[in-house]
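The values are calculated or read from the model by the stated rules, or taken from the named source; none is laboratory data. If you're wondering where the values come from, they're calculated on a predicted model, not measured in any experiment. What goes into the accessible areas is simple: the full protein's heavy atoms, side chains included, and nothing from ligands, DNA or RNA. Shrake-Rupley method; radii C 1.70, N 1.55, O 1.52, S 1.80 Å.
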Amino acid sequence: MPSMRSQAPDKSKNMMYLKIHNKGVVSLCDEALVGKKFTEGDVMLDVNKRFYHSGKAASKEEIVDAMKEAENINIVGGESVELAVKIGVLMRD
């Protein structure tokens, strides 16, 4: 399985999946990562389709609106993280 460490995003794909859960929880991930599992030591991240995928790719406008309204955001993938940083809901170290 690939490492949990992020790799550079694939510029040929720019679709992201957004799912809005109950109680202000939003999940966002790069399309290419849905269905993959990542491990690092004893920790595993399962980018499960049921949790991250609402049935269609979301527009950037939908994603931005959802992230700005969310109380908790689960973000996976380089493009998704970059968008969150760009709109100010996530800060770099």
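For the chain, the convex hull spanned by the alpha carbon atoms encloses 112 Å³ per residue. Computed in the context of the full set of protein chains, the accessible area of the chain at 1.4 Å probe radius has 49% of its extent on carbon or sulfur. Within the same chain, aspartates and glutamates fewer than 8 places from Lys56 are excluded, and of the rest, those with a Cα less than 16 Å from its Cα are Asp30, Glu31. Extension gain, Ser54-Lys86: 0.36 nm per intervening residue step, less the Cα-Cα distance, totals 9.2 nm.
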